[in-house]
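Report on the following structure.
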Amino acid sequence: MFTKYRFGLVSIFLITLLFNTELAGQSCNYTLTGMVKQSSNQKPKAGLTIVVNPGNFRTTTDSSGSYSITQLCRQTYTVTLYDQNKLLQEREVALSGTYTLNFNLFDENTSLDEVTVNAKRDANQNTIKQTISEKDINQTRGQTLGEVLQRVNGVTVLQTGSTIFKPVIHGLHSQRILILNNGVRQEGQQWGSEHAPEIDPFTADKFVVLKGAGALRYGSDAIGGAVLVEPRALPETPGTNGELNAAYFQNNRMYVLNGMVQQTLKKIPALSWRLQATYKRGGNSQTPNYWLWNTGVKEFNYAATLVYRQKRWTTELFLSAFNTDLGIFTGSHIGNLTDLQTAIQSDKPLQNIDAFSYDIDRPRQEVSHFLLKSKTIYKLNDWYKLNIVLSRQENIRKEYDRAIITNRPELDLNIGTTMLDLSVEQNEGKPSQLLAGVTGTLQENVWSGSRFFIPNFKSTNLSAYAIRKWNTPSWLFETGLRYDYKTLTTFRNQNNQIRSLEQRFNNISASVGATYKINRDLRLLLNAAMAWRAPQVNELFVNGLHHGSASFEIGDSTLKSEKAYNFSAQLKYEPDSSWNIDVSVYYNLIDDFINLVPTLPPTLTLRGAYPTFKYIQTNALLAGTDISVQKIFNQHFTGGIKAAILFARDRVRQDWLLQMPANRFEYDLTYNFSNRRMRNSYVQLKWIQVMRQTRVSAGFTDYLPPPPAYNLLNIEFATTLQIYGKSTTFGLSVLNSLNTQYRDYMNRFRYFNDEVGRSLVLRVKIPL
């Protein structure tokens, strides 16, 4: 139903961008000043760091607590206050002239770290979390959400070819990882492990990864964790600003264009709006030795936000649309069993045209995702506020097989999801906070076409949750409890292959956590959680060609719910502003773990021959550690080491679990330039080492053994220049700069082709 509005929204966006005179002729000669004082005695705080982004403008407060930053433009900035790399407060300012921004800090005996907890507005401070830095976000502009999230230590991706990336946290992915798009659960990935999240990363400027099963606020099935994709808050100061982004990827000659404009009305300062759009077009990818035919991508996305603020309440409307056309590598769809075996054993694809093209032929996919959300925050009194979130999502997937039988898609899937969340939240700034709410979800799926994959179904979910946290000068405690009741009703399809069937699932989830501030430099986090996940319809009833992953999948209607018991700990050590050491360990017991494993022999269908995979159930243990060490050597050089180590065991068979990521190490060295004209300039070398996955099960035979270990060298350069009074950011990256030939164990297409080779990437960001 959103399709008819698509071109109208784009037209409004373009007209506003081209003709809004408030965007023209701006100069960057504004100044931001202010003071930082202690709240109780108003004494000045000297030596604190002020960071203004975009642009990474930095300064420190003097002996009087004052600071000043010049040469700022007319746009919205995020102003962050740090004490030795520890975030104290964060504000957003829409500059339209010289501006004064003062900070007041709580007393030391109430713990400055409590300011951080309250400012984040996050009920999951006792869950291991990591926020992707602005530098990493800028370095991944134009790439998919999965590729952005790889910047987080302990997060890898499950790949399907060169264009589909799904995040993996501590060996878990798909339905075990919840993705919150602007506060709404993304409901577009339930049909299989290869369906990547349909989210445009340009719509957000903050990505938070919560590791472990403690994200009760968002769902009982967050066994592996949750990903929060959060847009920037709209400015409250009257004015108009915007941003243009462009990127070019040399390997597949992909170009990406993005534009954003936002405004707070002068005549109605309570009303703010934002429009943005992204267009992406890429052709065939290239490995070090050959092109991959039919691996192009075409994508067009847009989003609109409207906010109205009053003294006691605020209402937000958000609309987003994601539309992509993906080619599926031709060499992965094989005609017969003999050719399939030959293709898997070959070093090069047998069915491939070694040439570049932007054309997207069969086999291919068309995917659209629409989200409409309203959120109202109502202040009940001085202590509590009411949050009301209502959303509707439509996810449409059309799959076209390689053989042309008809012009219509062989599989046409449409899933609609309606969600309502009501919660009461205690105001921040109190020693104890409470969050309690109820959620209702209705989901319906309809399929059509000549190829069966999953049946029609209707699913409902009713849940209630409560989270309490309280803090002392040294401790932060948190407990959570959640109850979910789910139903799944499948309906007879047109071939009468699945009879009508209703299944019901219910259980309790719980978490308890504590963070202890050992001293100013050392902090310990402990968390224990119990979560569960009902089997999804594809795991229960799939029986057919999984088009995007070029495999034949078989479900099991007798599968039971997964039950997870997660234990995690994190030690953060920051002895001074030059060191940042983060060590986390996790131990995850999952009963009735559902795993998709390769099964011999392959399956021959009318559409060709494909590797076969089956869903099985066992008891699993996933344990490991994420280690990160960052060191600032001097004003020019910084370096870091990261390690992500995972052990995944089948507790029933006393063997290794299949389809788990190998151990991974990263080493980086950065040189920061000190140049007044080239602000925030640096060059970075990053060495990525992925080990061979030797921990594979002897009880299952894969179609190919795990590929060898590999090493990649990435080079990144970025700078910010003042061009016509605007802080324009340029980025240049060389991915896989040594043009290494390799295959990754977590890529389902490793049976057919190598990974992509060297790629030169250019990026430009221009504030308006």
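Remarks
- On full extension, the segment bounded by residue 206 and residue 556 gains 122.1 nm, given 0.36 nm per residue less the C-alpha separation.
- Kirkwood's formula applied to the C-alpha pairs of the stretch 352-498 gives a hydrodynamic radius of 19.5 angstrom.
- Relative compactness, the chain, computed as alpha-carbon Rg over 2.2 N^0.38 Å: 0.94
- Subset of 379/469; 37/572; 469/572 violating a 24 Å alpha-carbon distance limit: 37/572
- Measuring r between the beta carbons of residue 250 and residue 512 and using R0 = 56 Å, the FRET efficiency lands at 0.65.
- The local environment of residue 378, defined by Cβ-Cβ distances under 15 Å, has a net charge of +2 under the rule Lys, Arg +1 and Asp, Glu -1.
- Residues in the stretch 602-644 that a label on residue 579 would reach, taking backbone N under 17 Å of a point 7 Å out along Cα→Cβ: 627-634, 638-642
- Dipole-positive endmost among 737, 95, 275 within the chain (Cβ charges, Cα centre): 95
- Size of charge dipole - the chain - debye, nearest 20, with Cβ of Lys, Arg +1 and Asp, Glu -1, no other charges: 1140
- Footprinting exposure proxy for 636, 369, 195, 170 (fewest neighbouring C-beta atoms within 10 Å first): 636, 195, 369, 170
- Footprinting exposure proxy for 512, 652 (fewest neighbouring C-beta atoms within 10 Å first): 652, 512
- Sorting 348, 686 from the fewest to the most surrounding beta carbons within 10 angstrom yields 348, 686.
- Distance between the stretch 631-703 and the stretch 439-477 - C-alpha centres, whole angstrom: 31
- In order along the stretch 400-409, the Karplus-derived 3J(HN,Hα) couplings, from 6.51 cos²θ - 1.76 cosθ + 1.60 at θ = phi - 60°, round to 10, 6, 5, 6, 8, 9, 8, 6, 7, x Hz, and Gly and Pro are given as x.
- For the stretch 361-448, the Rg and Dmax computed from alpha carbons only, in angstrom: 20.9, 66
- Projected label points at residue 257 and residue 477, each 7 Å from Cα along the beta carbon direction, are separated by 5.8 nanometres.
Coordinate-derived values only; no laboratory data. Computed from a predicted model, the values in this text were never measured in an experiment. Reconstructed Cβ throughout: ideal geometry from the backbone, glycine too, with neighbour counts over all protein chains shown.
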